[in-house]
Amino acid sequence: MKKKKSMQKYAKIVEKMRCGQCLMIDGATATEMERRGVPQLKNAWNGGGAISHPAILKDIHKSYIESGAEVIISNTFATCKHTLEDAEEVDNFRELNSSAVKIAKSACSEMGKENVLVAGGISYWSFTGKHPDLRQLKSNISEQAHILSDAGADLLVLEMMVDIDRMMITLEASLETKLPVWVGLSCRRNEKNQMCLLNGEPLKDAVQCLSGVSVDVLNIMHTDVTYVDECLAILSSGWTGLKGVYAHSGKMVGMEWTFNDVVSPEEYSAFVSDWMKNGINLVGGCCGITTDHMHFVARELFAKDNYGTRI
């Protein structure tokens, strides 16, 4: 019964986007915890908050829901098994992933927003640069994806997909859960002035590999705000599904995000306005984009019903 209700909620959200609405998702969670003083895990960044500071994590989710987010993402970006092995926290692998989803779901319930979707975030990113081989990666992702599903995630969101081989293995393993899966690509400009994934492979090649697979939404995420327009142009030429954006602002120094270089809420709202005019279906924020940013975006662009959307 719970799975059926979850799929019905998901279908309604997707239908709204397919009918032309642009929906809000949340902003950053991990850097928002950092901004609020939550300590990091060595080699697993801000992945420990579900155990160490669950009340702060829940409050962040609630703030985004209050803004009007219709999808929130669990704080599980840095809780893949090999990431937690590097952090010597692998004994907490199941609890960190399960608790993160349950905290997000509890935030929805306490806000009386049962129709908000909770997405289980998955990434294969390594803060040490050590990656398992593809066979082990598939096993790690499959185990994490099933934990997130069992904890009640309505869908899975793959984040910071930065190379094609690992992206496709991660997608294959995630689809084993039978949950809907969205894919997030992180991009930069290469030495030839081409837009590419962070590892250097052309963005258009990644989009081509994803064409025809079982993915409803392709997101440009954890990508500098100034690169998004070019990324969307590439998506428009090779992707017929729904498109989302949650960009970042600022940069990481060591293991900490630098907030002094982050665009203002007013500046981010102006970027979002342009992306919405380009026909995106989903918008939020990634690293450096705070609850303040998303409250401003909600007030300026969504509450006015400018784009067929209202909080």
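The values are calculated or read from the model by the stated rules, or taken from the named source; none is laboratory data. The model shown is predicted, which means the values in this text are computed figures rather than measured ones. Neighbour counts are summed over all protein chains in view; Cβ atoms, including those assigned to glycine, are modelled from backbone coordinates with ideal geometry. Side chains are part of the model used for accessible areas, which takes the heavy atoms of the whole protein and leaves out ligands, DNA and RNA. Shrake-Rupley method; radii C 1.70, N 1.55, O 1.52, S 1.80 Å.
Per-structure values
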{"quantity": "Evaluation of N219 against (1) surrounded by 20 or more Cβ atoms within 10 Å (Cβ to Cβ); (2) of a type in the set (S, T, N, Q); (3) assigned to a helix (DSSP H, G or I) (one fails), failing number", "calculated": "(3)"}
{"quantity": "Criterion (in a loop (DSSP other than H, G, I, E, B) and touching a Ser or Thr at 6+ places or on another chain (Cβ under 9 Å)) met by exactly one of T83, T76, T31", "calculated": "T76"}
{"quantity": "Residue in the range 21-46 that is surrounded by the fewest Cβ atoms within 10 Å (Cβ to Cβ), counting only those that are among the small types (G, A, S) and either more than 17 Å from the chain's Cα centre (by Cα) or closer than 13 Å to I73 by Cα (or both)", "calculated": "G37"}
{"quantity": "Matching residues, the range 47-57, being surrounded by fewer than 21 Cβ atoms within 10 Å (Cβ to Cβ) and either in a strand (DSSP E or B) or touching a Ser or Thr at 6+ places or on another chain (Cβ under 9 Å) (or both)", "calculated": "I51, P54"}
{"quantity": "The range 202-216, residues that are closer than 17 Å to V162 by Cα, open to solvent by less than 60 Å² (accessible area, probe 1.4 Å) and charged (D, E, K, R)", "calculated": "D205"}
{"quantity": "Candidate set: the range 228-265, residues that are hydroxyl-bearing (S, T, Y) and either open to solvent by 10 Å² or more (accessible area, probe 1.4 Å) or under 12 Å from L203 (Cα atoms) (or both); chosen: the one modelled with the highest pLDDT", "calculated": "S264"}
{"quantity": "Members of the range 99-133 found to be part of a helix (DSSP H, G or I), in contact with a strand residue (DSSP E or B) (Cβ under 7 Å, 6 or more places away or on another chain) and either surrounded by fewer than 16 Cβ atoms within 10 Å (Cβ to Cβ) or of a type in the set (V, I, T) (or both), listed by number", "calculated": "V101"}
{"quantity": "So I51, is it at pLDDT 95 or above and more than 27 Å from A303 (Cα to Cα)", "calculated": "yes"}
{"quantity": "Check on S6, out of contact with any Phe, Trp or Tyr (no Cβ under 9 Å at 6 or more places or on another chain), in a helix (DSSP H, G or I) and either farther than 21 Å from R299 by Cβ or among the charged types (D, E, K, R) (or both)", "calculated": "yes"}
{"quantity": "Selection within the range 134-166 - under 15 Å from the mean Cα position of the chain (by Cα) and either among the aromatic types (F, W, Y) or assigned to a helix (DSSP H, G or I) (or both)", "calculated": "A145, L148"}
{"quantity": "Condition met for F296 (more than 19 Å from the chain's Cα centre (by Cα), among the aromatic types (F, W, Y) and modelled with pLDDT of 95 or more)", "calculated": "yes"}
{"quantity": "Boolean, V225 is over 19 Å from R188 (Cα atoms), without any contact (Cβ under 8 Å) to a residue 60 or more places away in the chain, open to solvent by less than 60 Å² (accessible area, probe 1.4 Å) and among the β-branched types (V, I, T)", "calculated": "no"}
